[in-house]
Amino acid sequence: MSGVVHLAAPRRRGPDLAELVARVAFGDQDAFARLYDVIAGPVLGLVRRVLRDPAQSEEVAQEVMLEVWRTAARYRPERGEVLAWVLTMAHRRAVDRVRAAQAAADRDQRAAAKAYTPVFDEVAEQVEGRLEREQVRRCLRTLTELQRESVALAYYRGFTYQQVAELLGTPLGTIKTRMRDGLIRLRDCLGVSS
């Protein structure tokens, strides 16, 4: 041993963040600039890991730094380190942004689903309606004259059974029987299951 003592290089100590925050609380812009230089990188890194979008990350990081400026007086050293306090704010802001973006996307998706109007073929609809009307006419021709007349007055002209009976001068019970029998025949002819 040569007797040479190796001394470790003196550790360079960073600024006291609690002291800087205390000065920021009194509006010290220089203290805020120094604080910003120390914590802006970790804040942006954390926010970027949560958001993944560089532009939104920078925006949220700036919001956090503005919040630090506005709320520095609320910092309590006994409750934790400055960096932990600021990173907690950053994480909460980033998560809030993710939730807001998701809520907006969900809201847009619900609005789009409500606004969706299925496309239909107008010509096909007209043809289908025409075919159905023709089938009903064909089935009506299978009824007796008395059944067809009773059904037409009730369903096409809107008369009640009582009014149909009065118009035709027929007892109500007879009209009800004609209507029932006529509707059963129509159902069978149209192929409608009961």
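The values are calculated or read from the model by the stated rules, or taken from the named source; none is laboratory data. Only a predicted model underlies this, so the values are computations on that prediction, with no experimental measurement involved. Glycine also receives a Cβ, built like all others from the backbone with ideal geometry; neighbour counts cover every protein chain displayed. Just the protein is used for accessible areas: all its heavy atoms, side chains included, with ligands, DNA and RNA removed. Shrake-Rupley method; radii C 1.70, N 1.55, O 1.52, S 1.80 Å.
Estimated from helices alone, the mean residue ellipticity of the chain at 222 nm is -23500 deg cm²/dmol (sum of -39500 (n - 2.57) over DSSP H runs with n ≥ 4, per residue). Treating each Cα of the chain as one equal point scatterer and applying the Debye formula with no solvent, the log10 of I(q)/I(0) at q = 0.08, 0.16 Å⁻¹ comes out as -0.57, -1.00. Overall, the accessible surface of the chain at a probe of 1.4 angstrom is composed of carbon and sulfur to the extent of 53 percent.
Helix by helix through the chain, keep the DSSP H runs that span 18 Å or more along the axis on Cα and average at least 0.5 on Kyte-Doolittle, and give those back in order. Helices meeting the span and hydropathy rule in the chain are 29-51. At an R0 of 22 angstrom, the distance between the Cβ atoms of ALA33 and ALA73 translates into a FRET efficiency of 0.75.
Let me know the shape class of the stretch 67-127, please: from the alpha-carbon gyration tensor, a ≥ b ≥ c as square roots of the eigenvalues, rounded when a/c is under 1.5, otherwise prolate if a/b is greater than b/c, or oblate.
Because a/c hits 1.5 or more and a/b exceeds b/c, the stretch 67-127 counts as prolate.
Heavy atoms of the protein chains alone define the surface here; on that basis the stretch 88-171 has 77 Å² accessible area per residue at 1.4 Å probe size.
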